[in-house]
Amino acid sequence: MLKYSLLLSDNDIIFKLTVVLTCTRIYVAAIPCTHLSADSGCHECNEWGHCVPGKLPVDPWLDFALKTQREIQLDEPFANYQMFDSHNAFNNRGDGFGGNDSCSWPPPYDLPCQSFANHEFSLIDQLNMGIRGLELDNWWCHDAMRLAHMGTNLKIICFERNKLWSSALQDIANWLAKAGNEGEFVRLYINEKFYQGHDDEFNDPIWESFGSKLLTPANLEENYGGVWPTMRRLREDGKNVAVMIKTGADPEKDHGGLYVVRYDWRDAGMGGFTPYPLCGGKSPDDTRTWRFHGDATHYPIFYDGPSGGIMLDFHEMVKCHVQWPASDMVHPQMMRTAVFTWAEHEPAHTLQSGSCVALHSDNRWHVEQNCYQKFHYACRSLENKDVWTVSENTGPYSLTNDLCPDGFEFSLPNNGYRQMKVFEAAKGESVWINYSPWLPGYVAPTESATTPSSAVRCRTSSILFLTALLVWLTT
């Protein structure tokens with residue numbers, strides 16, 4: 001091969017090398033990680049320097065903070081439950097797409113470069129980072145259902161090496177089966193550009209991967225009367241995954257309607273988004289699910305994705321409570337911008353039934369050691385969950401001495417938009433927020449029951465008594 005190549009022109013050699021580099025995937029040990037994989041702390045990479053699936057380190061603080069946000073929204077209507085989304089999730093370097101991409105995130109890129117992949121990290125690593133919505137494009141090519149990123153039915157870039165549809169679904173199923181993930185919910189958005197037929201080859205891997213964990217059209221109709229239940233109800237019923245297409249998708253794209261559910265959401269590119277409080281036209285009164293998506297691909301010469309709108313962080317999406325913010329190039333540093341709850345390094349103290357939590361001037365949550373500090377209370381309207389204020393008076397933390405005005409109750413802002421309303425009303429002062437129902441060992445209080453603040457009082461009194469006794473005994 002080498003002798004033959006020497007007889008070719010330089011252009012021929014470059015072309016052949018490009019084909020070989022593009023179409024082969026040989027994993028070699030001890031390859032240094034590059035670009036986002038290196039920046040994100042991955043230490044096990046493939047021959048291209050991209051993180052091997054499942055090897056991206058998980059940040060415990062980030063994992064806990066994002067889990068907190070999912071848990072406090074369990075009783076929201078499904079349409080209002082926030083799931084961080086991954087645009088073209090399958091088209092990632094970890095799973096073998098765009099292995100020889102050369103653009104270094106984030107834009108503006110040093111040109112010339114190419115970035116055919118939408119993501120650096122695999123489906124598994126995206127889920128580990130807190131992504132719960134995955135966009136998959138299925139194509140039938142080379143006698144199998146595969147994943148590919150194409151805009152034409154000519155299928156000129158769907159290769160035998162492309163990840164199998166069944167393999168992607170099994171990756172997701174294996175992730176759901178891992179200890180600690182049993183109660184999680186994953187939404188799969190199927191973006192089938194052209195109906196591919198082969199219904200059995202499409203449907204069978206879905207059932208084989210998820211079985212009874214799957215929310216089917218029949219389940220939705222028979223168990224819930226066609227109305228989407230809350231995430232808590234889905235968890236209680238053992239439903240962990242939904243395979244979705246848009247309501248207006250072509251009739252045949254549900255592949256017989258066995259497992260694919262239709263759902264109506266508003267989809268728009270980042271070019272149409274404006275920061276809080278305008279929020280791209282999204283109103284809290286709009287009961288639809290909103291999805292904004294970016295595009296990070298950079299195709300030399302004929303298309304430059306970053307100029308058309310990208311998502312560099314989730315800050316404004318969270319403030320606006322965009323339910324499905326769909327980004328490219330998801331990475332741990334970016335996922336940290338999805339957090340609106342705990343401050344860095346919080347909870348700084350072990351959470352227990354008597355803990356008290358306050359929203360500070362950094363617009364983040366902090367566990368307070370002294371529950372007798374006098375702060376305002378976060379107050380939610382009894383008629384509209386998106387209307388918030390703070391109490392006029394201040395007081396120690398208590399679940400039975402509610403300082404909120406008439407028509408309001410002491411509560412917890414459970415999404416970024418609602419927290420912004422509390423933050424604005426607080427005008428830089430600290431505010432008690434009612435995180436108590438999510439504390440370990442929580443018992444709903446009665447007028448005579450022990451509240452978190454009285455629990456602290458009891459412990460403090462005991463400590464003072466023992467201290468005084470010790471001093472008396474030693475003098």
Of the conditions (1) in contact with a strand residue (DSSP E or B) (Cβ under 6 Å, 6 or more places away or on another chain); (2) surrounded by fewer than 18 Cβ atoms within 10 Å (Cβ to Cβ); (3) hydrophobic (A, V, I, L, M, F, W, C), residue 227 satisfies every one except a single condition; which number is it? (1)
If we ask which residues in region 163-220 are aliphatic (A, V, I, L, M) and closer than 14 Å to residue 261 by Cα, their number turns out to be 8
Between 349, 345, which is outside any strand (DSSP E or B) and at positive phi? 345
List the helices (runs of 4 or more DSSP H) inside region 192-242, counting only whole elements, that have at least 2 residues being touching a His at 6+ places or on another chain (Cβ under 7 Å), at negative phi and not aromatic (Phe, Trp, Tyr). 199-210
Residue list for region 258-272, restricted to those being at pLDDT 95 or above, buried (at least 16 other Cβ atoms within 10 Å of the Cβ) and not in a strand (DSSP E or B): 258, 259
Across region 247-257, what is the number of residues that are touching a helix residue (DSSP H, G or I) at 6+ places or on another chain (Cβ under 9 Å) and either assigned to a strand (DSSP E or B) or crowded, with 18+ Cβ neighbours inside 10 Å (or both)? 2
Any chance you could count how many residues in region 126-185 are farther than 18 Å from residue 95 by Cβ and of a type in the set (Gly, Ala, Ser)? 6
Name the one entry in 346, 383 that is surrounded by fewer than 23 Cβ atoms within 10 Å (Cβ to Cβ), out of contact with any Cys (no Cβ under 6 Å at 6 or more places or on another chain) and farther than 30 Å from residue 282 by Cα. 346
Could you say which residue among 64, 90 is aromatic (Phe, Trp, Tyr), modelled with pLDDT of 95 or more and outside any loop (DSSP other than H, G, I, E, B)? 64
So is residue 179 in a helix (DSSP H, G or I) and farther than 22 Å from residue 42 by Cβ or not? no
Assess whether residue 157 counts as being at pLDDT below 95 and either farther than 22 Å from residue 332 by Cα or among the basic types (Lys, Arg) (or both). yes
Just to be sure before I move on: is residue 74 crowded, with 19+ Cβ neighbours inside 10 Å and within 30 Å of residue 323 (Cα to Cα) in the structure I sent? no
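The values are calculated or read from the model by the stated rules, or taken from the named source; none is laboratory data. Treat the numbers as computed from the prediction; the structure is a model and nothing was measured. Cβ atoms come from the backbone with ideal geometry, glycine included; neighbour counts cover every protein chain shown.
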